[in-house]
Each structure stands twice: as structure tokens, then as C-alpha cells.
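Asks: First the structure, which I've put down as C-alpha cells, then a few questions once you've had a look.
Every read-out reported here was derived from the displayed coordinates using simple, explicitly stated rules and does not represent laboratory data. In this text the structure is predicted, and so the values were computed from the model without any measurement. FYI the Cβ positions are ideal-geometry reconstructions off the backbone, even for glycines, and counts take in every protein chain you see.
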């Protein structure tokens, strides 16, 4: 008997099987956790800012033209990431999230590998991302995968901007 999970990374929506509801519950968890970490906790998704509620209520519309990748354990969605449509040869990685119950099993790394492969398939030369400076584990993961800190393109305090060539 093995404790190793079989994880598949799929594009959502796609022709392959994916969890019911898509990434909505993962996006809700991501935004609720982020707001709490920023010191602005809310009880549920209804308390989130409009732009985040829109992502949760209709991810297909919110990410039209982008690539949404989901990590599945069987039919259970355990992680997600968004790769934005290329603009000027560049895409952005957003909303990387792994269900806390499934962390420490390489799911985030698999999602990032798939995101970079998807960006390369679309002809992207550079991928960038922003991450809150208190998410030191995520920053370390990004650095291990070749991302380097770069000049900020975002005016929000406490964001670290990173990029790497594809």
C-alpha cells in the first residue's frame, strides 16, 4: 500500500474529466485565505471584493482567453493555477493554490510545470507573477523553478514581482 496520490493536471474546461464546479471552490479558498493574511478576514465569499466574487461565481467568464489548469486527485480538485493569455510575448501566472489538506506532495510544482509548458506552447517568451512577501514558501518554490525578483509592475505594498524566461 502506498501513500502516494495519483494527481493529474488538466486544462479547465476541457474535454477530459474534471471536478464538478471547476475551480470555484479553490478560488474561493484562495481569496478567503489571502484576505485573512492581509488582515481583512471575511466570513465567506460573499464578503469578498466584487472582482474576486466574479472569479468565483463564473471562472469561465473571468478567465476567458486564459488557461486555467487544475490538479485532480480522482475527481477531486486539489489545486489550480491560471496562466493569462499572452500580451507582448508575456503571460502572468495567477491564483496558484493547493488545498491545504494536500500540501507538501508536489502539487504546486506540478501545476507550475504545467503552467510553464502551457505558456511555451502559446509562444510566450517570459512568464511573470506577483506574490505577497509573507508567502515565503511560495517565493522559495518560484526561485527553485528559476523565477527571479524583478522591478514591480504593481503599486500594492508587500508584493514581490518575479519573472523568468520560458
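Asks: Regarding residue 85, is this residue surrounded by fewer than 16 Cβ atoms within 10 Å (Cβ to Cβ) and under 26 Å from residue 151 (Cβ atoms)?
Replies: Working: surrounded by fewer than 16 Cβ atoms within 10 Å (Cβ to Cβ): yes; under 26 Å from residue 151 (Cβ atoms): yes.
Answer is yes for this residue.
Asks: Related question: So, in segment 34-54, of the ones that are touching a residue at least 40 places away in the same chain (Cβ under 8 Å) and either part of a helix (DSSP H, G or I) or closer than 23 Å to residue 72 by Cβ (or both), which residue ends up farthest from the chain's Cα centre (by Cα)? Please lay out each step first, then the result.
Replies: Looking only at segment 34-54, we keep the residues that are touching a residue at least 40 places away in the same chain (Cβ under 8 Å), and these are 34, 37-38.
From what's left, either part of a helix (DSSP H, G or I) or closer than 23 Å to residue 72 by Cβ (or both): 34, 37.
Values: 34: 13, 37: 17 Å.
Residue satisfying both the conditions and the ranking: 37.
Asks: Hey, another quick one. Can you pull out the residues in segment 69-89 that are touching a residue at least 40 places away in the same chain (Cβ under 8 Å) and either assigned to a loop (DSSP other than H, G, I, E, B) or over 13 Å from residue 117 (Cα atoms) (or both)? Working first, answer last.
Replies: Restricting attention to segment 69-89, the residues satisfying the condition of being touching a residue at least 40 places away in the same chain (Cβ under 8 Å) are 69-80, 83.
Selection gives 70, 71, 72, 73, 74, 75, 76, 77, 78, 79, 80.
Asks: Ok, one more. Look at segment 101-111 and say how many of its residues are surrounded by fewer than 19 Cβ atoms within 10 Å (Cβ to Cβ) and either assigned to a loop (DSSP other than H, G, I, E, B) or touching a residue at least 60 places away in the same chain (Cβ under 8 Å) (or both).
Replies: First, pick out the residues of segment 101-111 that are surrounded by fewer than 19 Cβ atoms within 10 Å (Cβ to Cβ): 101-106, 109-110.
Of the ones still in play, those that are also either assigned to a loop (DSSP other than H, G, I, E, B) or touching a residue at least 60 places away in the same chain (Cβ under 8 Å) (or both) are 102-106, 110.
The total comes to 6.
Asks: Out of all the residues in segment 123-166, which are farther than 17 Å from residue 112 by Cα and out of contact with any strand residue (DSSP E or B) (no Cβ under 9 Å at 6 or more places or on another chain)?
Replies: Listed by number, the residues that qualify are 134, 155, 157.
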